[in-house]
C-alpha cells in the first residue's frame, strides 16, 4: 500500500480524461491521473502510482530503478501487483 | 554480500562510505533517523549499516502507517465491519494487524464481509455494485495515501453515492517527527526525510526541524545509493555546522509538493485535535478526519464507533521500536513469540515495519558482512 510503483501510460479512457490505462510490469490496469492536472502525463510517459492514483511523473530511467528496487523487495511487491491485477476502478 | 552481488554501483557505494567516514569527528557518535519504512527496508536488505563507520547509528522512525495504528482503532474498525449490511474494504497491509479480538483476516474467516482492495476507488466500485449494502473504506496512511482517499470522496460526492463512507485513520508525518524531537528518550543528529510523503507535502514543512531544532534534513530516494548519498549530505551539513533541508530525491520530489493532492486533502479533510499513535501516545493535530461538509461520507458519524482505548499487549515493545529507542532485535519477543507469520506487534506485520524488515533481511552480522564484502 505504501509502495510507489512505476507505470507507463498507454492511453486515456475516451470519456473519462482523469482515468488512464497503464502498464505496470506487464499488468495493464486503469488508474486515476487527476492529481497530475498541473502537468498531465502523455502516453509513453511514466508515472509513480500509489493505491490507484498517479502521484508524480518520472522519467524512464527513474522508472527502471524504481522497478529494480521493487523487484528486489520480493513478496511485498508481488502482493501489490496481485492487488493491482484485481483492481477494476473503471 | 547482497549489496556487492546485486548492486551495479558497488564501487560508488564504497567511495561514498569512505567520504562519510572522513566526515566523522573523532570521538563523536552520530544518530540519524530514517523516518520512512521504505528506507528501513532498503537499509536492512542491503546491509547499509555495515558500510557505515561505527560512529554512525541509523535509527528507525515511525513512518510505517500500518505500524502506528493503535489497537483501539483496529477494534473500532472490526466493530464497524460487524454492523448490519456493511462491507468493510481495506488495503491488504491492514488485514493482519491485530486488534484485541483478532484481525480483519480472523473476522473474515468467521464470515464478516471484509474485502481486500488495491485502491479506495475499488471500494467505490463495490459501493456502486451493491446499492443495498453500506460500503466502508478503512483509510490508513500518511500524506501519500490521504490524497487518494480525498479524491475518492470527491468522486463519491459528485456521483451522489449514498452507501459509501470512509473510516478515516490518515495521519500526518510532521507532528510525529516533532513528538520524537521533543521526546527526552532520544538525541538525534539529523533526519533522512521520507521520499513518497514528500512528493505530496514537498520539502518546506521540514524547515522547522532545521530552523527551530538545528538538525539537518535530507529528503531521500529509495535505492541504496540514494540513502548513502543522503547520509553523506547530512554528515557534510553536520561537519560544516549547517542545518538545512536538502532534497536528494529531486528527480521525483518537487520542492513545493503536489498542489492538486494538497487541495484535495484540504477540501475534504481537517486536522483532528489529537490522535493516538501506537507507541507514541496521543499527539496533537497529528491525524485527519472528514470535514463536516463531507459528513455523509464519514463512517465515524454514520455508525456508532466504540472509541475505546486499548493498551498494547504487555510483551510488545513496538512503541520503543517506533520511537527508535530500541532496535527490533532488542525487543523481548522479537523472532520468538512475534514473527511475520504470527505477529504480536504492528512493526512485524507490515513489510515496511522495522521488525519485519530486520526479520527478513537482518540475518547477517556486522562482522560476517564485512568479511564477505572483502572476499
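For residue B:221, work out the one condition from (1) more than 11 Å from chain A (Cβ to nearest Cβ); (2) at pLDDT below 95; (3) crowded, with 24+ Cβ neighbours inside 10 Å it doesn't fulfil. Only one criterion in (1) more than 11 Å from chain A (Cβ to nearest Cβ); (2) at pLDDT below 95; (3) crowded, with 24+ Cβ neighbours inside 10 Å is unmet by residue B:221, namely (1). The requirement of being under 26 Å from residue B:218 (Cα atoms) and either in contact with a helix residue (DSSP H, G or I) (Cβ under 6 Å, 6 or more places away or on another chain) or at pLDDT 95 or above (or both) is not satisfied by residue B:294.
Do we find a residue being within 14 Å of another protein chain (Cβ to nearest Cβ), closer than 30 Å to residue A:54 by Cα and modelled with pLDDT of 85 or more anywhere in segment B:268-291? Yes, segment B:268-291 contains at least one residue that is within 14 Å of another protein chain (Cβ to nearest Cβ), closer than 30 Å to residue A:54 by Cα and modelled with pLDDT of 85 or more. Taken over segment B:291-336, the criterion of being exposed (fewer than 15 other Cβ atoms within 10 Å of the Cβ) and either within 21 Å of residue B:95 (Cα to Cα) or under 17 Å from the mean Cα position of the chain (by Cα) (or both) is satisfied by B:306, B:307, B:308, B:309, B:311. For segment B:157-172, the condition holds for no residue, the condition being that it is within 14 Å of another protein chain (Cβ to nearest Cβ), modelled with pLDDT under 95 and either in a loop (DSSP other than H, G, I, E, B) or buried (at least 24 other Cβ atoms within 10 Å of the Cβ) (or both).
All told, residue B:216 meets the bar of being closer than 30 Å to residue B:19 by Cβ, touching a helix residue (DSSP H, G or I) at 6+ places or on another chain (Cβ under 7 Å) and either touching a residue at least 24 places away in the same chain (Cβ under 8 Å) or crowded, with 22+ Cβ neighbours inside 10 Å (or both).
Any residue at all in segment A:51-67 that's in contact (Cβ under 8 Å) with a residue 60 or more places away in the chain, touching a helix residue (DSSP H, G or I) at 6+ places or on another chain (Cβ under 7 Å) and closer than 25 Å to residue B:93 by Cβ? No; the residues of segment A:51-67 include none that is in contact (Cβ under 8 Å) with a residue 60 or more places away in the chain, touching a helix residue (DSSP H, G or I) at 6+ places or on another chain (Cβ under 7 Å) and closer than 25 Å to residue B:93 by Cβ. Number of residues in segment B:238-251 that are buried (at least 21 other Cβ atoms within 10 Å of the Cβ) and out of contact with any helix residue (DSSP H, G or I) (no Cβ under 6 Å at 6 or more places or on another chain): the value is 2. Out of curiosity, is residue B:201 buried (at least 21 other Cβ atoms within 10 Å of the Cβ), within 19 Å of residue B:36 (Cβ to Cβ) and away from chain A (no Cβ under 14 Å)? In short, no. Selection of first residues in segment A:69-90 that are within 22 Å of residue B:89 (Cα to Cα) and more than 8 Å from every other protein chain (Cβ to nearest Cβ) and of second residues that are loosely packed, with under 14 Cβ neighbours inside 10 Å and at pLDDT below 85, restricted to Cβ pairs under 7 Å at least 6 apart or on distinct chains, gives the following pairs, ordered by first then second residue: A:77/A:71.
When the residues of segment A:1-19 are filtered to those that are over 9 Å from the mean Cα position of the chain (by Cα) and within 11 Å of chain B (Cβ to nearest Cβ), the one that is surrounded by the fewest Cβ atoms within 10 Å (Cβ to Cβ) is A:16. Within segment B:182-191, one or more residues are in a loop (DSSP other than H, G, I, E, B), more than 14 Å from chain A (Cβ to nearest Cβ) and more than 26 Å from residue B:69 (Cα to Cα).
Looking for whichever is more than 9 Å from chain B (Cβ to nearest Cβ), within 13 Å of residue B:119 (Cβ to Cβ), free of Cβ contacts under 8 Å to residues at least 60 places away in the same chain and under 9 Å from the mean Cα position of the chain (by Cα) here; the options are A:47, A:22. Which one fits? Can you show your working first?
Numbers: A:47 fails: within 13 Å of residue B:119 (Cβ to Cβ).
Of the residues listed, the single one that is more than 9 Å from chain B (Cβ to nearest Cβ), within 13 Å of residue B:119 (Cβ to Cβ), free of Cβ contacts under 8 Å to residues at least 60 places away in the same chain and under 9 Å from the mean Cα position of the chain (by Cα) is A:22.
Can we say residue B:341 is modelled with pLDDT under 85 and under 21 Å from residue B:57 (Cβ atoms)?
Values: modelled with pLDDT under 85: yes; under 21 Å from residue B:57 (Cβ atoms): no.
No.
For residue B:205, the requirement of being in contact with a strand residue (DSSP E or B) (Cβ under 8 Å, 6 or more places away or on another chain), in a helix (DSSP H, G or I) and in contact (Cβ under 8 Å) with a residue 24 or more places away in the chain is not met.
Answer yes if at least one residue in segment B:45-55 is away from every other protein chain (no Cβ under 14 Å), out of contact with any helix residue (DSSP H, G or I) (no Cβ under 8 Å at 6 or more places or on another chain), outside any helix (DSSP H, G or I) and crowded, with 22+ Cβ neighbours inside 10 Å, and no otherwise. Don't jump to the end; show me each part of the working.
The first filter runs over segment B:45-55 and keeps only residues away from every other protein chain (no Cβ under 14 Å), leaving B:49-55.
Checking the rest, the ones that are also out of contact with any helix residue (DSSP H, G or I) (no Cβ under 8 Å at 6 or more places or on another chain) come to B:54-55.
Still in the running and outside any helix (DSSP H, G or I): B:54-55.
Subset that is crowded, with 22+ Cβ neighbours inside 10 Å: none.
No, segment B:45-55 has no match at all.
One residue stands out among those in segment B:71-111 that are in a strand (DSSP E or B) and either within 14 Å of chain A (Cβ to nearest Cβ) or closer than 14 Å to residue B:169 by Cβ (or both): the one that is nearest to the chain's Cα centre (by Cα), which is B:90. Taken over segment A:25-44, the criterion of being facing chain B (nearest Cβ under 10 Å) and more than 26 Å from residue B:194 (Cα to Cα) is satisfied by A:29, A:30.
The values are calculated or read from the model by the stated rules, or taken from the named source; none is laboratory data. Just so it is clear, the model here is predicted, and its values are computed rather than measured. Methodologically, a virtual Cβ is constructed for each residue, glycine included, from the backbone with ideal geometry; neighbour enumeration extends over all protein chains shown.
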